[in-house]
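Report on the structure given below.
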């Protein structure tokens with residue numbers, strides 16, 4: 001997957017959920033998958049929003065700042081991702 005840029009791209013939250021639906025990743029690994037070089041404000045905000053919405057979760061919830069911390073998608077996150085894909089698919093069919 002290339003760098004995440006431009007107004008025509010999917011929202012960062014959708015891309016993060018999609019990437020995390022495939023595997024559990026650390027923040028650094030997620031940055032790499034997204035093609036970002038550093039933790040931008042948008043990256044940090046999106047990660048926090050996904051955690052707050054319970055779409056993703058820590059692998060070590062008792063140690064949120066651990067260097068070994070990783071993130072994984074939750075059942076709610078999978079459901080939200082599936083709903084977004086269905087909506088996008090319907091939208092394309094109506095064109």
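The values are calculated or read from the model by the stated rules, or taken from the named source; none is laboratory data. Computed from a predicted structure; not experimentally measured. Note that each Cβ is placed from the backbone with ideal geometry, even for glycine, and that neighbours are counted across all protein chains shown.
Determine whether residue 55 is under 13 Å from the mean Cα position of the chain (by Cα) and at pLDDT 95 or above.
So residue 55 passes the test.
Within the range 33-74, work out how many residues are loosely packed, with under 14 Cβ neighbours inside 10 Å and farther than 17 Å from residue 13 by Cβ.
Residues flagged as loosely packed, with under 14 Cβ neighbours inside 10 Å and farther than 17 Å from residue 13 by Cβ within the range 33-74 amount to 11.
Go through (1) touching a strand residue (DSSP E or B) at 6+ places or on another chain (Cβ under 9 Å); (2) outside any loop (DSSP other than H, G, I, E, B) one by one and return the number of the condition residue 42 breaks.
The single condition residue 42 does not satisfy is (1).
When both residues are 6+ apart or on different chains and their Cβ atoms are under 7 Å apart, which pairs have a first residue that lies in the range 43-70 and is without any contact (Cβ under 8 Å) to a residue 40 or more places away in the chain and on the phi > 0 side of the Ramachandran plot, and a second that is part of a helix (DSSP H, G or I) and surrounded by 12 or more Cβ atoms within 10 Å (Cβ to Cβ)?
Short answer, once both residue conditions are applied: 54/76.
For the range 15-32, what are the residues that are surrounded by fewer than 15 Cβ atoms within 10 Å (Cβ to Cβ) and touching a strand residue (DSSP E or B) at 6+ places or on another chain (Cβ under 6 Å)?
21, 24 - these are the residues of the range 15-32 that are surrounded by fewer than 15 Cβ atoms within 10 Å (Cβ to Cβ) and touching a strand residue (DSSP E or B) at 6+ places or on another chain (Cβ under 6 Å).
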